[in-house]
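Undergrad: Before anything else, here's the structure in question.
Here, each number is a calculation from the coordinates, and none is a lab measurement. Remember, predicted model here, so these are calculated numbers, not experimental data. All Cβ positions, glycine included, derive from the backbone under ideal geometry; neighbour counts span all protein chains shown.
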Amino acid sequence: MEQKETFGAAHFLMLLLTLAFLGALAFFNVRGQPTVAADDYTVAVERSAPAEAIIPRRQPVDINTATAEELEQLMGIGPVLAQAIVDYRAEHGPFASVDELLEVSGIGETKLDNIRNDITLGEEDAT
């Protein structure tokens, strides 16, 4: 036998509380930047900080002077690939361009594109 649920006082109360909560959220969201006044001065509170303030920008890694450990800090570069870069550099001399990394076994176009903004050639940076 099925029992039909009715809309009782408890349901009505929950509906009112939910609507009040959503209304308060909308009010505080539309209001803008909150300010706090105390005596003769006002303090404005920022809603959010720019990404640069939260996530510090790392210095680019110089592929012509970096150690294997420093190269490992690059996204997708592990110990083996970092050592391969150091070995290639020792055998062929400094990199003339960032694209020369494609000559290192294990680095393809996708991996190079992923690290391109995080690497440099040092003073002469001829990317």
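Undergrad: Work out how much length residue 17 to residue 58 would gain on full extension: take 0.36 nm times their residue separation and subtract the Cα-Cα distance, in nm to one decimal.
TA: Length gained between residue 17 and residue 58: 10.1 nm.
Undergrad: If R₀ is 30 angstrom, what is the calculated FRET efficiency for the pair residue 92 and residue 117, using the beta carbon separation as r and rounding to 0.05?
TA: Rounded to the nearest 0.05, the efficiency is 0.80.
Undergrad: Then there is this: So what are the ³J(HN,Hα) numbers for the stretch 84-90, from phi and the Karplus equation (6.51, -1.76, 1.60; θ = phi - 60°), rounded to whole Hz, Gly and Pro as x?
TA: 5, 5, 4, 5, 4, 5, 5
Undergrad: How much length would be gained if the chain were fully extended between residue 83 and residue 105, taking 0.36 nm per residue of separation minus their Cα-Cα distance, in nm to one decimal?
TA: Gain on stretching residue 83 to residue 105: 6.8 nm.
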